[in-house]
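Below is one structure, written out as structure tokens; comments come after it.
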Amino acid sequence: MKTSLKGRYKNDESTAFITVAVNAGDVKLLASMSDANIIRGPRLNNLTFTIEKPGSFIIDYDVPNKDFRFQFMNSIRVGEKPLKLTYNHDHGGHRTVMDGALVLDPANKVSASYIFGTRNVKVKYSYVHGGDSTYEPCYDLGNNVWDFSVSKRLCDDVFKGTYQSWTRDFALEWSRNSKFNGKFKISATVNLAGESKVPKIFAESTWDLDM
């Protein structure tokens, strides 16, 4: 059994999450809970049960809302290239999304996302330079807008910058995923079109315990 404790801070609001995972053969059984707000007083906000088979499917059941979400994953070959497909359905949110990613070679990948019942189609190109720098332009066909991100990996640390043209939000992110030093993510977002240049701060850290 594995337990994960995650803490999150966003400006003046803090939350905590705990997840308990049990391996049952090919599938994983998970139970997760979140505390809505630590600063203003603890309050149980969410209890979710999950059945997961890595690389195949994920089924979530939201106990308080009596709602479910499921995700199916598959991979096929297109011209000897792997095409990864993911189908997501949120029953309560009445939202269905199909994602696809075609890996052209180790450095180049093209992906697309479509929300059923809308004109929302996003196409993204990913290029990895030197094995540690990634450039990702993305174009939204439905809204005729784009965004761009660039990231750099240094050992266990990843530094990333993102710009969204339709909101004029510029974000910087520093994340670490280390077996010895733990996992955390810190990001700040500034809206370049607004009068206030005070950044929105977001921080998240995770601790894993094997029991």
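Observations on the structure shown:
- Restraint check, LYS53/LYS200; LYS152/LYS179; LYS2/LYS84; LYS124/LYS160, Cα-Cα greater than 25 Å: LYS53/LYS200; LYS2/LYS84
- Whole-number percent relative contact order across the chain, with pairs defined as alpha carbons under 8 Å at least 6 apart: 14
- Under the Karplus curve 6.51 cos²θ - 1.76 cosθ + 1.60, θ = phi - 60°, whole-Hz ³J(HN,Hα) for region 166-175, x wherever Gly or Pro sits: 6, 9, 6, 8, 10, 10, 10, 9, 10, 10
- Against the empirical curve 2.2 N^0.38 Å, the C-alpha radius of gyration of region 109-178 lands at a ratio of 1.25.
- Debye intensity ratio I(q)/I(0), log10, region 130-211, q values 0.22, 0.24, 0.25 Å⁻¹ (C-alpha model): -1.06, -1.14, -1.17
- Size of electric dipole in the chain: Cβ of Lys, Arg +1 and of Asp, Glu -1, about Cα centre, debye, nearest 20: 60
- Dimensionless Rg over Rh [region 42-127; C-alpha; Kirkwood]: 1.08
- Residues whose amide H comes within less than 5 Å of that of VAL145, counting only those at least five positions distant or on another chain, are ASP140 (H built at 1.01 Å from N in the peptide plane).
- Cα gyration tensor of the chain - equivalent ellipsoid semi-axes, whole Å, descending: 28, 25, 20
- Hz values of 3J(HN,Hα) by residue in region 146-156 - Karplus curve (6.51, -1.76, 1.60), Gly and Pro given as x: 9, 9, 8, 9, 9, 9, 9, 9, 10, 6, 8
- ALA16 paired with GLU52, simple spin-label distance in nm, labels 7 Å along Cα-to-beta-carbon: 2.2
- Where the chain is the region considered: accessible area per residue in Å², 1.4 Å probe: 66
The values are calculated or read from the model by the stated rules, or taken from the named source; none is laboratory data. What you are looking at is a predicted structure, and each value in this text was computed from that prediction instead of being measured. Cβ: placed from backbone, ideal geometry, glycine included. Neighbour counts: every protein chain shown. The accessibility values were calculated without ligands, DNA or RNA, using every heavy atom of the protein model including side chains. Shrake-Rupley method; radii C 1.70, N 1.55, O 1.52, S 1.80 Å.
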